[in-house]
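Participant: I have a structure here, written as structure tokens, and I will follow up with some questions on it.
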Amino acid sequence: MDKMVFTDQREYSKRMSRHLDHMKAVGPAETVNIRRLLNFLLLRTNVQGFLKIPAGSKAEGFDFDNSDNDIIVAFQNSIVIQKHEGIPDGDDTVFAMDNTDCRAGYTLLKLLHLRLNEQGYITNALVHFRNLCYLSSVVLLSNMMHSTARLHGPCSMHICSCSKRHETDFAFSFHCRSWPDGLSDFRSRTKYCIWPPDNLVNRIVQGGCHFVAIGDKHSDLFGMQWRISFAKAEKCLVMSFNHVQLKTYALLKIFLKEVIERDRRVKDLLCSYFMKTIVFHAIEHSESFMWVDENLLNCFRFCFTMLLEFVNTGYFPNYFILTNNMFHANVFGRSRRKLLLVLSRYQRMGLTCLNLCPSLVGTLYWATDDNHALVVEHNLDTYVEKMLNAIFKINDINNAIKNVATVLLDPLYDTSHDVELLFLMNSITVESRKVMADLTHTPLSPNKAQYFQIRKQIHRVQISSTVSVCRGHLTLGSFYYSAGCYNHVYEAALRVTSLCSQSHEDIIGKGYTQLQKSAQYLCVYCIESSGKDLYPQELKLEVIHSKSRIILQPLPYALFLLVLSSYRIGKVHISRSYFAELLELRTDDNYGETSFPLIHNLIGICHQLLGDTTLALKAFEESYRRFPENMAASKRISDIRENLCENLFDQFAIDELDYCNVRSRCQSSVREEDGDKDENDTVFTYTKVMYNVDPVSFVAMSWF
């Protein structure tokens, strides 16, 4: 591989390295570390007897569009031991490894002890074999399959119903707390190696391994066998890579996906796992000074040559079990010769073969970009914002706190504490919002305990809103609107609109920390479709007819709250002015109709509130045209056209809340700050009493 596009290979390596820093899928070291951290915090859960552990390329820090979310699902009340080990104390179900007639890397699981009240998907998978009781991998996987999933290797793949196709691979497994020294020489082989270091080897060995539900397809015992998985160990090794080693791994993955797999003759012969294993072997058998930016392309060439040698010999050793030939199943005979022919052709091209990768085109231009640091920072901030918006999925605040504590004690997560704090504070906001929603929607007798709980949750959100300003204040605004405390709604929504007026570009590149910039993240406000959430009753139709959740952008939603709250306190003229600002957002790049068609629903509701049914109908029609799945808009259009009621806004009766409301119709006087008032302006004012408590007293009690 001696041919070069550029005469200076070291310079080209540095340019390629910078290009990978700019790529969304890779990024700089800080971005990779934060991806790993947030992936762990968001996906690692402990629920109903299972421990879900993120694995795969996303857990390793990459963000490739074609990558699935890989989750190891370990049965917590069942363990695997080796032949020479005794049954441990406790009431766990215990299986023992039995390698009889199994190829290296596979085993049978023999039942030694069945715990009381064991789950049916395990007991139903027990099979009598060789006069003993064994666990069948095929039967257990069949028991665990969900109706919306399909088989995908050793996993059941769950297909999520989203606007884009996202897939999650759940690998059902059993944990073995000890290292299988009889099969793997990893502990002894690496004793005198520079990499992996001794402390990392000890950590990996102490973590044991897993057994996933897949057998050797070339064995008669396929349905009974389990494959030994070192996914946790591999994750530890990848997280110990320096950034050039990780970029080399990324280059191999990119070349595989964008070049090798496009050749139909060899499309299914290699996989990303092979690329990762090659990097493991390459780092172990090289010196540390080799893995630097100016030598990146040589690192790629070294790994590619190693792959070619494996194909040439027909033997690709698994990194942990060297006697396990990973080419055993697919790469042999005619298929091996085809692959060797294809890879040899790329070798003769030299490093110019990388120019065949569409995502690597333009490497020269990235290198001369004066805004390199700004682009990298912007990409990082965008990713953090995206992940923070995903926190609404968290159902267990205690588990979230436990994950944060784990990260703080884990040296592999080499990040500042900003992201952990961001995650924790946003999780608190989500949890407090759920509690406040329960108190809002559940009709209970008034008592001091309920008041105390409300006050406690409000205080929590106020604290978290110092970090997550938009989400925190929108949560407060939504709650206070439900409680009828419209002045406080006004204050919270104004804080958000003030924040949104400052763009991200105003603070990027100014040396702010991730925590300092977090106040600028314009996190979306999500309303769950169950209806038991915090939202204005004016959006009840949208909630009822939503399939999953409603996603509201911060600025339009804040203006919507301002329109509602100012109208409720009798400031109709101010309400109209905020509505005018909401109308202007329709063409906005960030908040407009292109990315946020639901803005037309908000506009239509405001038109109805202010008495213009004709314009409201047009707004709902536009919403339905842009988003045909918006059944709420369709229902509103139908109601208006059939003239079911004189004023559709009346259907959003706040009287549906579990509070006492007294509604009066009056012609309000004009205050100086309101300006001129239309003659036909009629104001509906509400006297709201929460659990028969005066709202002023309630606010004084629950506000700092």
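The values are calculated or read from the model by the stated rules, or taken from the named source; none is laboratory data. Please read all numbers here as calculations on a predicted model, not as lab measurements. So basically every Cβ, Gly included, is an ideal-geometry build from the backbone, and we count neighbours across all protein chains shown.
Participant: Among the candidates TYR557, TYR535, single out the residue that is touching a residue at least 60 places away in the same chain (Cβ under 8 Å), in the same structural domain as LYS386 (by TED's automatic domain parsing), touching a strand residue (DSSP E or B) at 6+ places or on another chain (Cβ under 6 Å) and crowded, with 17+ Cβ neighbours inside 10 Å.
Facilitator: Details: TYR535 fails: touching a residue at least 60 places away in the same chain (Cβ under 8 Å).
Just a single option satisfies the conditions, and that option is TYR557.
Participant: Quick one: would you say ARG586 is within 25 Å of ILE640 (Cα to Cα), among the basic types (Lys, Arg), buried (at least 21 other Cβ atoms within 10 Å of the Cβ) and modelled with pLDDT under 95?
Facilitator: no
Participant: Further question: Kindly indicate which of PHE40, PHE75 is more than 30 Å from PHE316 (Cα to Cα), among the aromatic types (Phe, Trp, Tyr), touching a helix residue (DSSP H, G or I) at 6+ places or on another chain (Cβ under 8 Å) and part of a strand (DSSP E or B).
Facilitator: Within the list PHE40, PHE75, the selection yields PHE75.
Participant: Would you mind telling me which numbered condition in (1) at pLDDT 90 or above; (2) not assigned by TED's automatic domain parsing to the domain that holds ASN298 ARG337 fails?
Facilitator: Evaluating ARG337 over (1) at pLDDT 90 or above; (2) not assigned by TED's automatic domain parsing to the domain that holds ASN298 leaves (2) as the failure.
Participant: Within 30 Å of LEU251 (Cβ to Cβ), touching a strand residue (DSSP E or B) at 6+ places or on another chain (Cβ under 8 Å) and buried (at least 18 other Cβ atoms within 10 Å of the Cβ): does that describe GLY56?
Facilitator: yes
Participant: Which members of the range 255-270 meet the condition of being in contact with a helix residue (DSSP H, G or I) (Cβ under 8 Å, 6 or more places away or on another chain) and free of Cβ contacts under 8 Å to residues at least 60 places away in the same chain?
Facilitator: Answer for the range 255-270, where residues must be in contact with a helix residue (DSSP H, G or I) (Cβ under 8 Å, 6 or more places away or on another chain) and free of Cβ contacts under 8 Å to residues at least 60 places away in the same chain: LEU256, LYS267.
Each row is one residue, and each column tells you yes or no for (1) in a loop (DSSP other than H, G, I, E, B); (2) at pLDDT 80 or above.
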site: TYR134; (1), (2): no, yes
site: THR168; (1), (2): no, no
site: PHE174; (1), (2): no, yes
site: PRO180; (1), (2): yes, yes
site: LEU183; (1), (2): yes, yes
site: TRP195; (1), (2): yes, yes
site: LEU200; (1), (2): no, yes
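Participant: Consider SER503 against the criteria (1) under 18 Å from TYR591 (Cα atoms); (2) modelled with pLDDT of 70 or more; (3) among the small types (Gly, Ala, Ser): it satisfies all of them except one. Which criterion is unmet?
Facilitator: Answer for SER503: the failing condition is (2).
Participant: Out of HIS600, HIS573, I need the residue that is modelled with pLDDT of 90 or more, in a helix (DSSP H, G or I), within 22 Å of ASN630 (Cα to Cα) and not aliphatic (A, V, I, L, M). Which one?
Facilitator: Just one listed residue meets the conditions, HIS600.
Every residue, every condition in (1) surrounded by fewer than 23 Cβ atoms within 10 Å (Cβ to Cβ); (2) of a type in the set (Asp, Glu); (3) under 20 Å from ASN330 (Cβ atoms), yes or no:
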site: ASP220; (1), (2), (3): yes, yes, yes
site: ILE228; (1), (2), (3): no, no, yes
site: ALA231; (1), (2), (3): yes, no, no
site: MET239; (1), (2), (3): yes, no, no
site: LYS257; (1), (2), (3): yes, no, yes
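Participant: Using the structure shown, decide if GLY49 is at positive phi and within 14 Å of the chain's Cα centre (by Cα).
Facilitator: Answer is no for this residue.
Participant: Condition test on PHE274, is it surrounded by fewer than 21 Cβ atoms within 10 Å (Cβ to Cβ) and assigned by TED's automatic domain parsing to the domain that holds THR352?
Facilitator: yes
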